[in-house]
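J.: Before I ask anything, here is the structure I am working with.
The values are calculated or read from the model by the stated rules, or taken from the named source; none is laboratory data. Please read all numbers here as calculations on a predicted model, not as lab measurements. Cβ placement follows ideal geometry from the backbone for every residue including glycine, while neighbour counts extend to all protein chains displayed.
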């Protein structure tokens, strides 16, 4: 158990390094892209090519089919069935990739031609963006089983290298736009699609070198296993589609009522929000194999224990970038972009709050996948998430402001966190009281301690000095709050031991 927890910490360190690199590179990339394309074209890309923005999320969610089954078999010590699981997963994802391509060329093209709120002269650009964004997504879907295998084997160092490589290539693409005088929107879409080939190829060659026996093609005739994994993939896909649909659908609704300039503000807010979300996904991803193997080996107590602590740690990690961004949103956006599109500040702040609320159930998702009983989870949670779209449409019809759509997202996210626990209670007799005490109560203590910072901030004049001084003060206050109010005695003792070891080495 101790070795497993140590491995989670080690993998989290690799993923945190990846996060740091990709976030910094991503901020500069977004800055160059926004300035080169302009607000209108960036808004067009955000609404039509939003599938690329959500690709990292789709990969993480859909890869869970492969690494869930591989990790499950590894937990049982059943090595012989790993190749079987991989091949079935690969076949299923090839079918999913074809389905995405088919839907794009039919429903996607029809929507752009008949419903997208853009200038008629821009329709050809929109179709170009749509198609090349889809090609990139198709390649990404095909590579998911290989990513899942790497995750199940807990080779997060390799994942970090591949993701950083992709971020560097995306930055070079953004930089090249500055010097190009033609249609920058088309060039950007084309180059992003091209560099999207790189991660799938790197995952494939790494797996071929290290796990050739596992990825060796061997067509499977086990219909029951196909049905089981296809069902799991299908329900996971529904959940992923609901999340992508919520983000992309909200962009489409905003486009209908407010046009591409508001889409630009929404796209910028999504870029900022993705940094906070990555903190949650990295720790959650590092813990998933251990949670799955604990469950498959029958150690339910450790499974619940890990879920509770991971949910707490995810929220605390998300607060590290979220707090300074929430405190100084206007200053940071002005520093980053120069000119801030209307509603961008409130979009950013509400998106981050939504991410923090969703992060409260970060560890629960891993337990749900480990059980394999995801049907009712996905039906209820997907329905709740997508329900926010028609509600937002009605609100916009009645003259409510653009940011009201994000308030509906926050409400549905909070509802989903409650539903997760109720459903888990019925499936595995989930210890809700332990979870609330270990995770949420500690988060509430820390939240109460940092809330006064938003009132204290207003006593200082806005500017660079306030940003530096108050951000450092806020981060220090947050860390102290986490240590004294968010951690248990045994966690503090573990931190003390780690610090002592570091001091001794020096």
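J.: Does residue 261 qualify as being out of contact with any strand residue (DSSP E or B) (no Cβ under 7 Å at 6 or more places or on another chain) and either buried (at least 21 other Cβ atoms within 10 Å of the Cβ) or modelled with pLDDT of 80 or more (or both)?
T.: The answer is no for residue 261.
J.: Residues that are within 30 Å of residue 342 (Cβ to Cβ), at least 2 per element: which helices (runs of 4 or more DSSP H) completely within region 392-497 meet that? Write out each step before concluding.
T.: Working: elements: 404-428, 432-435, 441-450, 453-456, 464-481.
Once the helices (runs of 4 or more DSSP H) in region 392-497 are filtered for at least 2 residues that are within 30 Å of residue 342 (Cβ to Cβ), what remains is 404-428, 441-450, 453-456, 464-481.
J.: Which condition number in (1) farther than 28 Å from residue 161 by Cβ; (2) modelled with pLDDT under 75; (3) surrounded by 22 or more Cβ atoms within 10 Å (Cβ to Cβ) is the one that residue 248 fails?
T.: Looking at each condition in turn, residue 248 falls short on (3).
For (1) more than 25 Å from residue 241 (Cβ to Cβ); (2) modelled with pLDDT of 85 or more; (3) touching a strand residue (DSSP E or B) at 6+ places or on another chain (Cβ under 9 Å); (4) surrounded by 23 or more Cβ atoms within 10 Å (Cβ to Cβ), each residue gets a yes or a no:
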{"residue": "133", "(1), (2), (3), (4)": "no, no, no, yes"}
{"residue": "152", "(1), (2), (3), (4)": "no, no, no, yes"}
{"residue": "155", "(1), (2), (3), (4)": "yes, no, no, no"}
{"residue": "160", "(1), (2), (3), (4)": "yes, no, no, no"}
{"residue": "169", "(1), (2), (3), (4)": "yes, yes, no, no"}
{"residue": "175", "(1), (2), (3), (4)": "yes, yes, no, no"}
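J.: Still on this model: Of the numbered conditions (1) modelled with pLDDT of 80 or more; (2) buried (at least 21 other Cβ atoms within 10 Å of the Cβ), residue 341 fails exactly one; give the number of that condition.
T.: It is condition (1) that residue 341 fails.
J.: When only residues in region 74-90 that are closer than 12 Å to residue 153 by Cβ and modelled with pLDDT of 70 or more count, which is surrounded by the fewest Cβ atoms within 10 Å (Cβ to Cβ)?
T.: Top of the filtered list is 82.
J.: May I ask you to list pairs of residues, at least six apart or on different chains, whose Cβ atoms are under 9 Å apart, with the first in region 426-438 being at positive phi and the second being at pLDDT 75 or above?
T.: Between residues of region 426-438 that are at positive phi and residues that are at pLDDT 75 or above, the close pairs are 429/300.
J.: A follow-up question, please. Here are some conditions: (1) touching a residue at least 24 places away in the same chain (Cβ under 8 Å); (2) farther than 16 Å from residue 401 by Cα; (3) surrounded by fewer than 19 Cβ atoms within 10 Å (Cβ to Cβ). Residue 234 meets all but one. Which one does it not meet?
T.: With respect to (1) touching a residue at least 24 places away in the same chain (Cβ under 8 Å); (2) farther than 16 Å from residue 401 by Cα; (3) surrounded by fewer than 19 Cβ atoms within 10 Å (Cβ to Cβ), residue 234 is out only on (1).
J.: A further question follows. Considering only helices (runs of 4 or more DSSP H) fully contained in region 143-247, which possess at least 1 residues that are farther than 17 Å from residue 67 by Cα? Give the steps one after another, and end with the answer.
T.: Working: elements: 156-177, 184-195, 198-210, 212-215.
Answer list for region 143-247: 156-177, 184-195, 198-210.
J.: Given the options 467, 460, 434, 455, name the one that is more than 30 Å from residue 389 (Cβ to Cβ) and out of contact with any helix residue (DSSP H, G or I) (no Cβ under 9 Å at 6 or more places or on another chain). Spell out how you get there, then give the answer.
T.: Numbers: 467 fails: out of contact with any helix residue (DSSP H, G or I) (no Cβ under 9 Å at 6 or more places or on another chain); 460 fails: out of contact with any helix residue (DSSP H, G or I) (no Cβ under 9 Å at 6 or more places or on another chain); 434 fails: out of contact with any helix residue (DSSP H, G or I) (no Cβ under 9 Å at 6 or more places or on another chain).
None of the other options fit; the residue is 455.
J.: Something else now. Looking only at region 435-451, how many residues end up being buried (at least 16 other Cβ atoms within 10 Å of the Cβ) and farther than 16 Å from residue 359 by Cα?
T.: Total satisfying the criteria: 2.
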